[in-house]
1. Which net charge results for the neighbourhood of A31, defined as the other residues with beta-carbon distances under 9 angstrom from its beta-carbon, given Lys and Arg at +1 and Asp and Glu at -1?
2. Can you tell me the FRET efficiency between A4 and A43 if r is taken as the Cβ-Cβ distance and R0 is 41 Å, rounded to the nearest 0.05?
3. Compute the FRET efficiency between K66 and Q34 as 1/(1 + (r/R0)^6), taking r as their Cβ-Cβ distance and R0 = 22 Å, and round to the nearest 0.05.
4. Using all alpha carbons of the stretch 20-83, what is the percent of pairwise distances in each 5 Å bin, ordered from the shortest bin to the longest?
Amino acid sequence: MNTAEALALFRGYVHGGAEFPPLLSRLAVEASKQVMLQSREMASLEAALRASYPAAERMLASEDAKEGQRAFVEKRKPRWQGR
């Protein structure tokens, strides 16, 4: 999958028109969606960077985050669990 294809899938998921892409962690996509939607309402980039994003915090503390790191080090595709 190239960058353009990944972005098209992600945009479709964000706007509700596409099936979830299986190669991406659901937690990471949900966190990215929350950050994008919340931050676009903020007055400045600085405010957006200082804001708290619960979905991103959950994602960073998840088993999927650990799996992503392991998969990268082991040079294999990650096996997402959604937790």
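1. Working: positive: K33, R58; negative: E30, E57.
That works out to 0.
2. Using R0 = 41 Å, I get an efficiency of 0.85.
3. Numbers: r = 21 Å, r/R0 = 0.94.
Between K66 and Q34 the formula returns 0.60.
4. 3, 19, 23, 19, 15, 11, 7, 2, 0
A short reminder: the numbers here are calculations on the coordinates, not readings from a lab. Every value quoted in this text rests on a predicted model; they were computed, and no experiment measured them. All Cβ positions, glycine included, derive from the backbone under ideal geometry; neighbour counts span all protein chains shown.
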